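Here's the structure, in structure tokens; my notes come after.
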Amino acid sequence: MGSRLAAMIRKEWSQLFRDVPILLFVIWAFTGAVYTGGHGVGAELRNYPMAVLDLSRSAESRELLSRFRAPYFKIVGHVSGDAELVRWLDGGRASLVLVIPADFDRRAQQGGARFQVISDGSQSMSATIAGAHIAGIAGRYSVELLEARMGVAHGRLPQVDARVRVEYNPNLVETWFSGLLEVFNQVTMIAMLLAAAAMVREREHGTIEHLLVSPLRSWELFTAKVVPVVVLVPLAALGSVFGIVHGVFATPIRGSVALFYAVTVIYVFALASLGLTIAVLARNLGQAMLLLLLILYPMMLLSGAFTPPESMGPLMRYASLVSPVRHYVDFGYQVLFKGNGLAYVWPDVAGILALGVLLFAISIRRFARLAR
Amino acid sequence: MPRMPGDRALAIARKETRQLLRDPTYLGLAIVVPLLLILLLGYQLSLDVKGLLVAVVDHDRSRWSREYIDGVVHSEYFRLVGVLDGAEEAREWVRSGRARVVIDIPPDFGRRLSAGESATLGVTVDGSFPTRGQIGAAYVEAISAQYNQRLLREYLVRHGAGDDRLWPVQMELAVWYNPTLESKNFIVPGMLVVILMIFPPLLSALLIVRERESGTILNLYCSPASRWDILAGKALPYVAVSFLDFLLIFAVSIWLFRVRFVGAVWILAVGALLYSVCMVGLGLLISTVTRSQLAAMLATFLGAVAPAFTFSGIFTPAGSLDPVGRFVSRLIPATYFMDVVRGSYLKGGDVAAYVPSLLILLLYAVVISTAAWLSLRKRLG
């Protein structure tokens, strides 16, 4: 039995390594795609483009404007009237317009000054964060004006000053996060794709018949298809974590690489099983790809990387628990980025293991049925 | 029989259509999968970060600290998951992810505030998800600002200056286009762009390379059909499928999700058509340069499917991307279609506002088709 399986694995292995385009894609997925992807995601507020309609043109209005600073805000220009304001917002040149009325300076000193913020709500999240920041800016400016008006020293008014400290990523560098996310996503996609591809190829070339009439058992066929993927993808992931994420983005890697590697192997095994199941169900490559997407996208969007699980609707929150991607993403950040050990990530590891066993069982059953 | 220009293209289109119809599973999937995705994600995916897990360490236990915590509890942004004993425990909760934000109220908090002085408050935010960290910090800031305003008003009343009109600077917030700040108004149109970015190229990427693998490409090579005939004929049915996807998703977004739509349907339709041509053309281009179906699929995945979410602007306003990200996003047609889609759904306005984006899409359609035409050689080997 040993030699039969070994021969089959050898065949799969050389088939994979002789397919230059596929190897090139795997390499690109773990280098170039991670590099570009690392620059993409993130709904946070950064250089939020704002325009100003300053009808006051006073020291007070300039003082207010000076508080709209990088990294959150970027004043992209001044508009001279309502029509221009509408054009800027409509055209998306500015996501926010600050309107400072003519009496702002007088009122700011005496009390009752108002300024208007018109915000483009189509990017609802950024608009919400921007609103929160501007409320803070208005509040702090008011306090300073009050202090001056009442002639008290700074800090002599009852005020709460929230000092924010950010753990793990003090400057909230986006690429630290999205680079790793991209690696996790590539692991997910490539594991499923490679496994599915190895199977669909046999079907399309008609060689599946040869395998089915050969003395090869269904589990041997399954193993042979999975092994190259399980060997290749986790290694590529490690390479990407060190080469791109750590090497280029300078993301600190704080945790145990061995643990990450071990769990990645299990995870890739689980996803490769899923990929193989899909490949067995589909009649041709086109169908396989569509089925794959149907499963892949919801899994990736429910990974918790886009929306925190606690903000999801209840249905999705529970659904996300059966998505191996969610466990893997959580596991990956905890281990690599936060430096947590097994004591912290065991629930995720258990989830990946359980789903892995389940997907493996389904896949093996499908294979057995295929053989009959 | 006299031939009309485009006759041959139509003949090829007829053949492709028939082939498509003979694989009903495939065609069904091509229509059902996008629809399922939009239903699934539209119903449940929300980018509203609400109910962030927050824990509090209250060293003060005064009226003041309780009032502040009340502000946190009553905010929809946070869900209080625990009141902890000390900094050590707080760090542990952030580490294990049980809390994303910890608010630490020092012992002299109430004393200082009651004495009319300012008090500090420690906020620890988990930065491993930067967006979430920033949002958490912004929410705490908003809650503090609200609390501060109340404190100051009470203080001013006590000092005989308690007139609302005397409050120095007040912000008035007006939200346009999406006044209720609902993320469905933003996600569902965004999904339209993403889905039309994924499926058309995925379907069309197999068209040429499949014939090459099965050898039937020779029939095309020997036929009198020109390269344009072949490309147009192959593209036509798939542009139609892609446009059908668009119509279905549009219908679902309006009637099922009740997304706000203030623009002109025809502008959106023109945009969708141009964009479909771009994406089907991209698939065909990939199909002409690859040698196996598998390679074509992988190229489509990495070239169109994977960057769809990252760079189409569905989550990130282009202005917030860093230079590399902005460069990539300006390079792909999805960004311009997104302008048309978001504009049509949420902003309205007249045609002039959309002309630049539509022209760029047209330019892309022309460039991509020409590239496919150039790389399709009627030659063996």
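The values are calculated or read from the model by the stated rules, or taken from the named source; none is laboratory data. All figures in this text were calculated on a predicted structure; none of them were measured in a lab. A quick note on method: Cβ atoms are made from the backbone with ideal geometry, for glycine too, and the neighbour counts reach across all protein chains shown.
A few remarks follow.
- So A:SER61, is it among the polar types (S, T, N, Q) and either facing chain B (nearest Cβ under 9 Å) or surrounded by 14 or more Cβ atoms within 10 Å (Cβ to Cβ) (or both): yes
- Selection count, the range A:146-157, where residues are facing chain B (nearest Cβ under 7 Å) and surrounded by fewer than 20 Cβ atoms within 10 Å (Cβ to Cβ): 2
- Qualifying positions in the range A:18-27 - facing another protein chain (nearest Cβ under 7 Å) and either surrounded by 17 or more Cβ atoms within 10 Å (Cβ to Cβ) or in contact with a His (Cβ under 6 Å, 6 or more places away or on another chain) (or both): A:ILE22, A:PHE25
- Unmet criterion (only one of (1) more than 7 Å from every other protein chain (Cβ to nearest Cβ); (2) of a type in the set (Val, Ile, Thr); (3) crowded, with 22+ Cβ neighbours inside 10 Å; (4) farther than 25 Å from A:ALA258 by Cβ) for A:VAL322: (3)
- Summed over the range A:36-58, the residues that are crowded, with 20+ Cβ neighbours inside 10 Å and under 29 Å from B:PRO130 (Cα atoms) give a count of 15.
Residue by residue, here is whether (1) within 13 Å of chain A (Cβ to nearest Cβ); (2) closer than 30 Å to B:SER223 by Cα holds:
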site: B:LYS15; (1), (2): no, yes
site: B:LEU20; (1), (2): yes, yes
site: B:GLY28; (1), (2): yes, no
site: B:LEU35; (1), (2): yes, no
site: B:LEU39; (1), (2): yes, no
site: B:GLY71; (1), (2): yes, no
site: B:GLU76; (1), (2): yes, no
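- Residue in the range A:92-109 that is touching a Leu at 6+ places or on another chain (Cβ under 6 Å), in contact (Cβ under 8 Å) with a residue 12 or more places away in the chain, β-branched (Val, Ile, Thr) and facing chain B (nearest Cβ under 8 Å) present: no
- Filter pass, B:TYR177 being within 31 Å of the chain's Cα centre (by Cα) and either surrounded by fewer than 24 Cβ atoms within 10 Å (Cβ to Cβ) or not aliphatic (A, V, I, L, M) (or both): yes
- Options A:ALA343, A:ALA350: the member that is farther than 22 Å from A:MET199 by Cα, more than 14 Å from chain B (Cβ to nearest Cβ) and over 18 Å from the mean Cα position of the chain (by Cα): A:ALA350
- The set of residues in the range B:101-158 being in contact with a Pro (Cβ under 9 Å, 6 or more places away or on another chain), among the charged types (D, E, K, R) and more than 7 Å from chain A (Cβ to nearest Cβ) consists of B:ARG112, B:GLU154.
- Of the helices (runs of 4 or more DSSP H) lying entirely inside the range B:159-233, those containing at least 2 residues that are under 21 Å from B:LEU29 (Cα atoms) and more than 7 Å from chain A (Cβ to nearest Cβ) span B:184-204, B:207-214.
- Options A:VAL280, A:VAL268; residue that is more than 9 Å from chain B (Cβ to nearest Cβ), in a helix (DSSP H, G or I) and closer than 17 Å to A:LEU180 by Cα: A:VAL268
- Residues that are within 19 Å of the chain's Cα centre (by Cα) and in contact (Cβ under 8 Å) with a residue 24 or more places away in the chain occur at least once in the range A:155-168.
- Some residue of the range A:161-175 being part of a helix (DSSP H, G or I), facing another protein chain (nearest Cβ under 8 Å), modelled with pLDDT under 90 and farther than 17 Å from B:GLN149 by Cβ: yes
- When A:SER142 is tested against the conditions (1) touching a residue at least 40 places away in the same chain (Cβ under 8 Å); (2) surrounded by 16 or more Cβ atoms within 10 Å (Cβ to Cβ), the lone failure is (1).
- Within the range B:327-355, being more than 18 Å from A:ASP120 (Cβ to Cβ), without any contact (Cβ under 8 Å) to a residue 12 or more places away in the chain and within 9 Å of chain A (Cβ to nearest Cβ) holds for one residue alone: B:PHE327.
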